[in-house]
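The values are calculated or read from the model by the stated rules, or taken from the named source; none is laboratory data. Small disclaimer: the values here were computed from a predicted structure and weren't measured. Heads up, the Cβs are rebuilt from the backbone with ideal geometry, glycines too, and the neighbour counts pull from every protein chain shown. Surface areas here come from the heavy atoms of the whole protein model, side chains and all, with no ligands, DNA or RNA. Shrake-Rupley method; radii C 1.70, N 1.55, O 1.52, S 1.80 Å.
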Amino acid sequence: MKKYISAKIHGLAVTRSALEYHGSVGVDEELLRSVGIEPYEAVLVVNLTNGARWETYAIPAGAGELHLNGGSARLGCVGDRCLIM
């Protein structure tokens, strides 16, 4: 079975890192909608600052927001640039 990337969001900066949260990555809700990523859809995240790469699920966040939640919080810091696929 082949996997394909259906959407990509470049150049987001981490705005919040919350270890005490039940996982996921929070992404600007309008950006998710505009590229067709649905809430709770699996996504790949690449931290362009430190090279970390992981799979999680996307949840809606406020305008301009990128939140690393739960275990994802260990993979980046506020200000790090990320890519969501």
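May I ask you to list the residues in segment 28-60 that are more than 15 Å from Ala73 (Cβ to Cβ) and of a type in the set (A, V, I, L, M, F, W, C)?
Matches in segment 28-60: Leu31, Leu32, Val35, Ile37, Ala42, Val43, Leu44, Val46, Leu48, Ala58.
In this structure, is Leu44 buried (at least 19 other Cβ atoms within 10 Å of the Cβ) and closer than 13 Å to Met85 by Cα?
Criteria not met by Leu44.
Restricted to segment 53-68, and to residues that are within 14 Å of Ala13 (Cα to Cα) and within 9 Å of the chain's Cα centre (by Cα), which residue is surrounded by the fewest Cβ atoms within 10 Å (Cβ to Cβ)?
Per the criteria, the residue is His67.
Does segment 22-32 contain at least one residue that is part of a loop (DSSP other than H, G, I, E, B) and open to solvent by 60 Å² or more (accessible area, probe 1.4 Å)?
Yes, that holds for at least one residue.
Got a number for residues in segment 1-17 being hydrophobic (A, V, I, L, M, F, W, C) and loosely packed, with under 13 Cβ neighbours inside 10 Å?
The total comes to 2.
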